[in-house]
Amino acid sequence: MRKIISILLAILMVATFAACGQTSKDPAAQPATPNTTTPDTTDAKPIKIGVSVADQSNPFYIEILDGMKSAMKKGDELIVMDAGFDPAKQITDIEDMIQQGVSVMLIDPVDSKGIQASLNACEAANIPVIAYNSPVDDSSKVVSTVASDNFMAGQLIGEELGKALNGKGKVVMLTYNVAQVCLDRANGFKDSIGKYPEIEIVAEQEIQPGVDTALPVMENMLQSYPDLNGAFALNDPSAIGCAAAVEAANLLDKIKIVGVDGSDDGKTAILAGKILASAAQHPIDIGSISIETAYKVLVDKSSVEADIKVPVELVTKDNAGK
């Protein structure tokens, strides 16, 4: 009898466990939130984004940084290093940021070809790279390039200078062709000037961008070409340097100068009649879009556009004060 009771109890327990198992499989009894693995955001480490700036002394780059800072997420870190337009220092800076463990690297290359070693180093460290403001020579090493349409910028100011000179005259160019962004501007300028067969580019000289470097070069140009009518400068600081030389020679009425950036200093010079025109970039947009792209890269590289163009616009006396 006891044996029979034991058997009956065992059968009853098995039935009870079976019933519990069936209840757990009932969809109505499932928890509202699926039992999936999700990142623990409370313990997530802050993201470090490295930024190599070509030259922080230029107000244009300061505005780019302002745009970057505005797009950073709370708690994340922006590590900024200034190359000071020194290609060797830029390479050292990038190596330093690699050692600091950045998650993604943003680079404005001083030398579009010379930056190759840094791109290789980032690749070896599995750090994705975004080129901003200026493209690199080897685009296969970057996930995306965020920059102004610099060829169009050159075209805009070239067309404006051509009209101001009534299609005739002699012009010089102050360039910095080791940076692709500056080369694109120069080529865009030549494209527009080429439509005016009676405008001659009498000289083209590479300079280190800036007011102080452009000024003496322009002084020499004035000596070499006393019948000069116009000048192209690769950016606004260089255009302002050219204007200083032209003003000192009392030739502002004769020589028209164009630049690129559309900076506040450039606009002031335009309103003062020292510069004819500038092609305005939107540095804050370049900065914010670069950071937004960096965050996208960390989630899914395939979702990022390889080439992101930020529009440019012509700035003259008509709209410089707006």
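Kindly indicate whether any position in the range 258-265 is over 22 Å from the mean Cα position of the chain (by Cα), assigned by TED's automatic domain parsing to the domain that holds GLN155 and not hydrophobic (A, V, I, L, M, F, W, C). Within the range 258-265 (the criterion being over 22 Å from the mean Cα position of the chain (by Cα), assigned by TED's automatic domain parsing to the domain that holds GLN155 and not hydrophobic (A, V, I, L, M, F, W, C)), the answer is no, since none of the residues qualifies.
Listed here are the residues, each with its yes/no results for (1) surrounded by fewer than 14 Cβ atoms within 10 Å (Cβ to Cβ); (2) β-branched (Val, Ile, Thr); (3) over 24 Å from ASP137 (Cα atoms); (4) touching a residue at least 24 places away in the same chain (Cβ under 8 Å).
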position	(1), (2), (3), (4)
GLU219	no, no, yes, yes
TYR225	no, no, yes, yes
CYS242	no, no, yes, yes
ALA245	no, no, yes, yes
ILE255	no, yes, yes, yes
GLY259	no, no, no, yes
ILE270	no, yes, yes, yes
THR293	no, yes, no, yes
VAL297	no, yes, no, yes
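One residue stands out among those in the range 296-310 that are aliphatic (A, V, I, L, M), closer than 21 Å to LEU65 by Cα and assigned to a helix (DSSP H, G or I): the one that is farthest from the chain's Cα centre (by Cα), which is LEU298. Selection within the range 252-284: residues that are part of a helix (DSSP H, G or I), touching a Ser or Thr at 6+ places or on another chain (Cβ under 9 Å) and of a type outside the set (Val, Ile, Thr). The member of this set that is farthest from ASN229 (Cα to Cα) is PRO283.
Once the range 40-90 is narrowed to residues that are hydroxyl-bearing (Ser, Thr, Tyr) and not in a helix (DSSP H, G or I), the residue that is farthest from ALA179 (Cα to Cα) is SER57.
Of the candidates GLY188, GLY167, GLY158, GLY230, the single residue that is modelled with pLDDT of 95 or more, in contact with a Ser or Thr (Cβ under 7 Å, 6 or more places away or on another chain) and either outside the structural domain of GLU63 (by TED's automatic domain parsing) or crowded, with 24+ Cβ neighbours inside 10 Å (or both) is GLY158. With respect to SER112, is the statement that it is part of a loop (DSSP other than H, G, I, E, B) and crowded, with 20+ Cβ neighbours inside 10 Å true? It is true that SER112 is part of a loop (DSSP other than H, G, I, E, B) and crowded, with 20+ Cβ neighbours inside 10 Å.
Could you tell me whether any residue of the range 115-122 is over 20 Å from GLY84 (Cβ atoms), out of contact with any Lys or Arg (no Cβ under 6 Å at 6 or more places or on another chain), outside the structural domain of ASP236 (by TED's automatic domain parsing) and not in a helix (DSSP H, G or I)? No, there is no match, as no residue in the range 115-122 is over 20 Å from GLY84 (Cβ atoms), out of contact with any Lys or Arg (no Cβ under 6 Å at 6 or more places or on another chain), outside the structural domain of ASP236 (by TED's automatic domain parsing) and not in a helix (DSSP H, G or I).
For the range 76-91, which positions are without any contact (Cβ under 8 Å) to a residue 24 or more places away in the chain and out of contact with any Asp or Glu (no Cβ under 9 Å at 6 or more places or on another chain)?
First pass over the range 76-91, keeping only residues without any contact (Cβ under 8 Å) to a residue 24 or more places away in the chain: 88-89.
Scanning the range 76-91 gives a single hit, ALA88.
When the criteria are applied in full, THR293 meets the requirement of being closer than 21 Å to LYS69 by Cβ, modelled with pLDDT of 95 or more and not aliphatic (A, V, I, L, M). The sole residue among THR293, THR316 that is in contact with a strand residue (DSSP E or B) (Cβ under 8 Å, 6 or more places away or on another chain), of a type in the set (S, T, N, Q) and over 28 Å from GLU77 (Cβ atoms) is THR316.
The values are calculated or read from the model by the stated rules, or taken from the named source; none is laboratory data. Not measured: the values here are computed from a predicted model. No Cβ is skipped: glycine too gets one built from the backbone with ideal geometry, and neighbour counts run over all protein chains shown.
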